[in-house]
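Please read the structure below before turning to the comments.
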Amino acid sequence: MMKKKLVPVMLLLALIFALIPVTSVSASAYTKSITGQGRLAIHIDAQSDAPPEYGPVLWYQYQVKNSAGVTVFSSSIGGTSTGSLNNLPYDTYTLYVTTNAWTYVSAIYLAFF
């Protein structure tokens, strides 16, 4: 008798806990890697998805790390970013972009010249 009453309650709790991550607003992370040497060109397109009453809330930070995990460059920015890192030795470099809750990255371009 007790088991029949607990099953619906447990199913309801499982459903609630399954929906919590979907409904919460949190920061997002994006990564992209490239292998090469020389001048690394970086371009990040980001947009704000904030409600109109907040205005454009556009912010993200990014880091470039080499294959050993050493940070080669890092920056925080509030818009589209274009930049380059010069004289990098041959290695695999990974760009890590972390956004706030209202910003999303639509495109990341990396190229060696």
- Segment ALA41-VAL70, length gained on full extension (0.36 nm per residue, minus Cα span): 8.6 nm
- Note on the structure: Given a Förster distance of 25 Å, the FRET efficiency implied by the Cβ-Cβ spacing of ALA29 and LEU85, rounded to the nearest 0.05, works out to 0.75
- Given a 1.4 Å probe, how much area per residue of the stretch 59-102 is accessible, in Å²? 54
- Task: May I ask you to give the average projected area over all directions of the convex hull of the Cα atoms of the stretch 47-113, in nm² rounded to one decimal?
- Result: 4.9
- Surface accessible to a 1.4 Å probe, TRP102 within the full protein complex, Å²: 80
- Task: Please give, to one decimal in nm, the separation of the simple spin-label points placed at VAL57 and THR94, each 7 Å out from Cα toward the Cβ.
- Result: 2.9
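The values are calculated or read from the model by the stated rules, or taken from the named source; none is laboratory data. If you're wondering where the values come from, they're calculated on a predicted model, not measured in any experiment. Neighbour counts run over all protein chains shown; Cβ positions are idealised from the backbone, glycine included. To get the accessible areas, we keep the full protein, side chains included, count just its heavy atoms, and leave off ligands, DNA and RNA. Shrake-Rupley method; radii C 1.70, N 1.55, O 1.52, S 1.80 Å.
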